[in-house]
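The values are calculated or read from the model by the stated rules, or taken from the named source; none is laboratory data. The structure presented is a predicted model; accordingly, all values stated were derived computationally and were not measured. No Cβ is skipped: glycine too gets one built from the backbone with ideal geometry, and neighbour counts run over all protein chains shown.
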Amino acid sequence: MHTRIDQIPFRLMDGGQATLSSYRGKAVLLVNVASQCGLTPQYEGLARLFEEKREAGLVVIGFPANDFGAQEPGSNEEIAQFCNTTFGVAFPLAEKVSVKGPDRHALYAALTQAQPEALDPAGGTMHRKLAQYGFEQEDPSDVLWNFEKFLVGRDGRVVARFNPDVEPGDPLLREAIDSALHG
């Protein structure tokens, strides 16, 4: 028997237990985040996006992960402090998880199964950049890098997945969020 994606538990940094069903009726953007990545400035855009769209029903949840270049070495407390003081992050943060490999969190296993391909408006630019540094995905459905985004609709279904270099202000991401909020 498969557990529904919205029933898979994860822990929040405040110590609380959550599932996506905790956010039933909202659109949820899940992002694997890291504090020492070239994409870390996306925290600012994610915080702005959350503030802009939260009244309409958007929740952003950051999932710190140290899977790519050891770019999230901090403890949960250090990560929370960094996010709050550096970027004013008010959206929920999950406790640090793994988003790929044998110890991948069950939620990320379900997300990648539900949406095995990310939208890549840059036509593989991120893949090529990472390949220059010797990084190749083991499985094409694996999370590519920090700041990959999964959008879950109000009905609890994964509706879209975006490559890490799709910025929070990107029209493609914003259109998908608006569609999930109003659809």
Exercise. Residue check: is Gln71 under 18 Å from Val143 (Cα atoms), in a loop (DSSP other than H, G, I, E, B) and touching a residue at least 24 places away in the same chain (Cβ under 8 Å)?
Worked result: yes
For this session: Please determine, by comparing only the residues of segment 142-176 that are small (Gly, Ala, Ser), part of a loop (DSSP other than H, G, I, E, B) and at pLDDT 95 or above, which one is nearest to Tyr23 (Cα to Cα).
Result: Gly153
For this session: Would you check if Glu138 is closer than 18 Å to Pro168 by Cβ, outside any helix (DSSP H, G or I) and among the charged types (D, E, K, R)?
Result: no
For this session: List every residue pair whose Cβ atoms sit under 7 Å apart, with the two residues 6 or more apart in sequence or on different chains, where the first one lies in segment 87-108 and is at positive phi and the second, anywhere, is of a type in the set (D, E, K, R) and at pLDDT 95 or above.
Result: Gly101/Asp67
Exercise. Residues in segment 67-76: is at least one closer than 30 Å to Gly183 by Cα and either surrounded by 14 or more Cβ atoms within 10 Å (Cβ to Cβ) or not polar (S, T, N, Q) (or both)?
Worked result: no
For this session: Only residues that are part of a strand (DSSP E or B) and either basic (Lys, Arg) or surrounded by 21 or more Cβ atoms within 10 Å (Cβ to Cβ) (or both): list them for segment 45-62, please.
Result: Leu58, Val60, Ile61, Gly62
For this session: Looking at (1) more than 22 Å from Asp178 (Cα to Cα); (2) within 13 Å of the chain's Cα centre (by Cα); (3) assigned to a loop (DSSP other than H, G, I, E, B), find the lone condition where Phe91 falls short.
Result: (1)
